[in-house]
Ligand SMILES: [Zn+2]
């Protein structure tokens with residue numbers, strides 16, 4: 001428990017019937033304490049109150065710590081409650097118990113942790129939120145020149161949160177509610193309140209939606225925008241699917257074969273590969289759309305020098321095709337070409353965010369959703385942030 005003088009365990013009571021262990025901690029008469037307000041040493045005791053904290057279980061037995069907590073008299077501050085070394089003020093748990101709760105919260109839903117510990121989940125949420133919000137506030141963002149942003153769904157429907165990542169640390173440093181340009185301003189303000197500066201941000205990796213782009217341009221004057229390749233390919237896949245859906249209305253071979261056209265060829269089963277080569281023999285729009293998408297994917301394996309030429313050739317090819325959705329894709333890609341090519345030059349990608357997104361959504365599913373966005377945000381920081389540096393042991 002990390003007890004220091006004058007604190008000592010004076011008595012313990014173990015009850016087999018109740019399955020609990022009670023530890024009594026006390027201090028000798030005449031002990032003096034540090035003033036919790038100003039840190040002055042040697043303050044005499046004014047009075048005491050009895051308090052109890054839940055401690056780490058002793059094997060399968062619930063364990064409680066009891067102590068009479070003194071109030072000291074400080075010549076400067078007057079009567080102040082003494083801070084005990086095993087728990088933070090106002091918590092009904094010891095620091096070790098809280099550390100255990102945080103460790104559980106990283107790997108299982110709070111409701112499961114609560115059940116396992118025999119505590120109400122709101123008490124555990126309070127612990128998590130305390131340490132997370134403290135950690136979020138204590139972050140030092142003075143060195144975060146490269147950032148990335150992405151949205152993830154908060155609940156079913158159109159409810160989102162936006163995640164901002166420090167690309168050097170590969171950690172979520174800020175979570176905002178919503179997914180509009182305003183979230184970027186919120187993040188920029190947060191960054192500056194935590195040692196960073198808007199001007200120092202050199203790169204931002206984002207999706208091709210208008211919101212983040214506008215937000216970055218407004219708030220980070222020196223940031224070059226990188227359009228993340230995952231989002232480019234996602235857009236291409238959507239275009240292929242649009243072509244397929246249109247064609248499937250008149251062609252029975254394509255119906256129900258959606259995944260053949262969207263998966264990477266390497267990931268297809270033998271049966272799917274065979275079906276694909278049968279379809280390839282015919283002059284299907286969907287096959288052509290797929291080839292356009294696969295060619296675009298090639299772009300990301302090129303050297304920055306040849307990428308620009310390759311992209312121009314790709315665009316010329318799509319332009320002479322007869323596929324509306326692919327032409328629309330090409331238009332978007334060419335309009336955003338600088339940011340897309342920059343991804344090749346810098347090697348920045350939202351891959352880390354894709355992984356974080358997956359973890360967040362998995363946690364959300366396991367928890368069967370969160371009651372509030374506040375809870376969801378706390379969990380994002382917990383599993384994808386770096387905010388527990390100052391948490392108990
Ligand atoms: Zn004092």
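The values are calculated or read from the model by the stated rules, or taken from the named source; none is laboratory data. The structure presented is a predicted model; accordingly, all values stated were derived computationally and were not measured. Backbone-built Cβ (ideal geometry, glycine too); neighbour counts: all protein chains shown.
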Checked pairs for the range 58-75, first more than 30 Å from residue 38 (Cα to Cα) and touching a residue at least 12 places away in the same chain (Cβ under 8 Å), second outside any strand (DSSP E or B) and more than 16 Å from the ligand (Cβ to nearest atom), C-beta under 6 Å and 6 or more apart or across chains, list as 61/19
The strands (runs of 3 or more DSSP E) lying entirely within the range 1-75 that contain at least 3 residues which are exposed (fewer than 13 other Cβ atoms within 10 Å of the Cβ) and at pLDDT 95 or above are 45-58
Using the structure shown, decide if residue 89 is within 16 Å of the ligand (Cβ to nearest atom) and either free of Cβ contacts under 8 Å to residues at least 24 places away in the same chain or closer than 24 Å to residue 378 by Cβ (or both). yes
Take residue 382 and tell me if it is part of a helix (DSSP H, G or I), surrounded by 13 or more Cβ atoms within 10 Å (Cβ to Cβ) and touching a helix residue (DSSP H, G or I) at 6+ places or on another chain (Cβ under 7 Å). yes
Mind listing just one residue for me: the one in the range 240-262 that is over 21 Å from residue 322 (Cα atoms) and surrounded by 15 or more Cβ atoms within 10 Å (Cβ to Cβ) and, of those, modelled with the lowest pLDDT? 257
Based on what the data block shows, is residue 155 on the phi < 0 side of the Ramachandran plot, away from the ligand (no atom under 16 Å from the Cβ) and touching a helix residue (DSSP H, G or I) at 6+ places or on another chain (Cβ under 9 Å)? yes
Can you confirm whether residue 78 is surrounded by fewer than 16 Cβ atoms within 10 Å (Cβ to Cβ), without any contact (Cβ under 8 Å) to a residue 12 or more places away in the chain and within 16 Å of the ligand (Cβ to nearest atom)? yes
Show me the helices (runs of 4 or more DSSP H) entirely contained within the range 235-327 in which 3 or more residues are out of contact with any helix residue (DSSP H, G or I) (no Cβ under 8 Å at 6 or more places or on another chain) and without any contact (Cβ under 8 Å) to a residue 12 or more places away in the chain. 270-280, 304-320
Which members of the range 46-75 meet the condition of being more than 16 Å from residue 87 (Cα to Cα), away from the ligand (no atom under 16 Å from the Cβ) and more than 35 Å from the chain's Cα centre (by Cα)? 47, 48
Considering only residues that are touching a residue at least 24 places away in the same chain (Cβ under 8 Å) and either within 16 Å of the ligand (Cβ to nearest atom) or more than 41 Å from the chain's Cα centre (by Cα) (or both), which ones fall in the range 9-40? 14, 26, 27, 31, 32, 33, 34, 35, 36, 37, 38, 40
Would a scan of the range 331-354 turn up a residue that is free of Cβ contacts under 8 Å to residues at least 12 places away in the same chain and either under 17 Å from residue 176 (Cα atoms) or within 25 Å of the chain's Cα centre (by Cα) (or both)? yes
